[in-house]
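One structure is given here, and the rest of the page talks about it.
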Amino acid sequence: MIIGVPREIKDHEARVGVTPAGAKALTDAGHTVLVETNAGQLSSFPDHEYQDHGAEIVGDPGHVWGKSDLIVKVKEPVESEYVYFRENLVLFTYLHLAPLPDLTDKLLASKVIGIAYETVRDRANTLPLLTPMSEVAGRMSIQVGASYLEKEKGGRGILLGGVPGVPPANVCIIGGGIVGINAAKIAIGMGAHVTLVDVNLNRLRELDDIFGGRLNTLASNSYNVTRATREADLVIGGVLIPGAKHMVSRMKKGAVIVDVAIDQGGCVETARPTSHSDPSYLVDGVVHYCVTNMPGAVPHTSTLALTNATFPYLMRIASHGAEAALRQDPGLAEGLNVYKGTLTHRGVAESQNRPWTASATVLA
Ligand SMILES: NC(=O)c1ccc[n+]([C@@H]2O[C@H](COP(=O)([O-])OP(=O)(O)OC[C@H]3O[C@@H](n4cnc5c(N)ncnc54)[C@H](O)[C@@H]3O)[C@@H](O)[C@H]2O)c1
């Protein structure tokens with residue numbers, strides 16, 4: 001198969017869909033890999049690393065899209081890329097179609113086969129191509145939060161781990177999912193005093209088994225969340241909690257909130273989406289950091305983490321063809337969002353109020 005790796009052109013996107021290691025494995029398996037010039041540059045993968053491992057570097061994005069059977073990207077195509085859509089082209093990337101009716105129209109009209117990372121499921125019914133980004137954001141949240149606790153950044157002037165004779169900072173993590181557990185790991189590692197709040201008691205039992213006495217677990221209810229955040233120097237929002245009101249006004253001045261869940265609406269009512277170029281603002285003396293694509297700050301790590309997860313699927317699509325790979329793996333078939341003019345994902349269809357047909361039916 002000919003596999004194309006375009007350079008991402010969405011604003012602030014620095015990741016790339018295939019690493020030099022991936023290019024090597026694909027070319028070793030007999031496939032051709034076309035990488036657009038500088039596609040890996042911002043993730044610290046220069047062109048020569050791809051070339052040294054069997055890929056061809058191509059200057060013209062039209063050539064990459066036009067010659068390839070399968071395009072591997074990171075973000076959904078932007079408008080200037082729509083011209084490259086054509087019948088039977090396989091597109092493997094984050095698509096996030098629900099809020100993008102125009103892109104959905106174009107993909108359907110051009111009969112592209114679109115497999116979206118964010119809806120692929122594994123045998124445990126989790127979302128394996130979203131997990132790595134939650135891992136990155138969860139770990140990064142503590143690094144970022146520790147830095148915003150410094151006086152110069154508007155924080156209380158507290159060192160996360162304290163020093164002998166001086167207590168460490170109190171960190172409160174709301175939501176003990178992938179973001180939460182990764183935040184807890186780093187915060188505990190840095191010596192903070194960590195409390196994690198979750199509604200799921202079985203999850204709290206698991207976390208208690210993993211961290212033992214180094215993590216305080218707390219059942220989530222409005223009383224406990226208010227109390228834990230009032231005492232916190234750093235709050236990590238790892239889940240959307242609708243209606244978490246008045247929390248911020250009761251927090252300490254100079255405390256910091258890293259609202260990782262901001263991409264779904266956020267954990268506190270004062271949260272609004274920010275970007276890496278202007279990541280934080282103050283409300284009631286509390287620093288808010290609400291960057292919607294936190295992994296974008298560490299593209300080298302994020303690209304490696306993402307491609308570790310996507311690559312096995314990519315190899316199967318390349319080796320067996322998209323249709324056979326989708327038929328063999330119902331979890332991958334959940335990732336099929338558009339197939340030759342038919343919308344095949346219930347969630348996207350419901351949010352855009354359109355008809356849809358199950359992927360199992362179109363693939364039968
Ligand atoms: N900003 C970014 O760059 C970025 C990157 C990755 C993920 N995210 C977002 O981070 C959020 C968390 O992701 P995740 O992968 O950890 O999700 P997850 O589903 O693994 O975890 C959510 C956890 O929250 C718990 N929970 C549910 N309701 C709760 C409540 N009322 N109080 C306390 N806990 C509650 C659940 O039991 C679960 O353990 C998502 O909104 C995700 O989109 C943002």
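Of all residues in segment 133-149, count the ones that are more than 9 Å from the ligand (Cβ to nearest atom) and surrounded by 15 or more Cβ atoms within 10 Å (Cβ to Cβ).
Total meeting the criteria: 8.
Look through SER359, SER319, SER302, SER280 and report the one residue that is in contact (Cβ under 8 Å) with a residue 24 or more places away in the chain, over 26 Å from LEU91 (Cβ atoms) and of a type in the set (Ser, Thr, Tyr).
Going through SER359, SER319, SER302, SER280 in turn, the sole match is SER280.
With PRO99, PRO61, PRO77, PRO46 as the choices, which residue is at pLDDT below 95 and either of a type in the set (Asp, Glu) or at negative phi (or both)?
PRO99
Counting only residues that are part of a loop (DSSP other than H, G, I, E, B) and free of Cβ contacts under 8 Å to residues at least 40 places away in the same chain, which one in segment 102-124 is farthest from GLN328 (Cα to Cα)?
For segment 102-124, the residue satisfying everything is SER110.
Residues are listed down the side, and each one gets a yes or a no for (1) closer than 27 Å to ASN88 by Cβ; (2) within 13 Å of the ligand (Cβ to nearest atom):
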residue: LEU100; (1), (2): yes, no
residue: LEU108; (1), (2): yes, no
residue: TYR117; (1), (2): yes, yes
residue: THR126; (1), (2): no, yes
residue: LYS153; (1), (2): no, no
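Is it the case that SER319 is buried (at least 22 other Cβ atoms within 10 Å of the Cβ), modelled with pLDDT of 95 or more and part of a helix (DSSP H, G or I)?
In short, no.
For segment 25-49, give me each residue that is in contact (Cβ under 8 Å) with a residue 40 or more places away in the chain and within 25 Å of the chain's Cα centre (by Cα).
ALA25, LEU26, GLY40, LEU42, SER43, SER44, PHE45
Kindly indicate whether any position in segment 215-222 is assigned to a loop (DSSP other than H, G, I, E, B), within 10 Å of the ligand (Cβ to nearest atom) and under 24 Å from PRO295 (Cβ atoms).
Checked against the condition, which is being assigned to a loop (DSSP other than H, G, I, E, B), within 10 Å of the ligand (Cβ to nearest atom) and under 24 Å from PRO295 (Cβ atoms), segment 215-222 yields no hits at all.
The values are calculated or read from the model by the stated rules, or taken from the named source; none is laboratory data. Everything numeric here is computed off the predicted structure, so don't read it as measured data. Every residue, glycine as well, gets a Cβ built from its backbone with ideal geometry; the counts of neighbours run over all protein chains shown.
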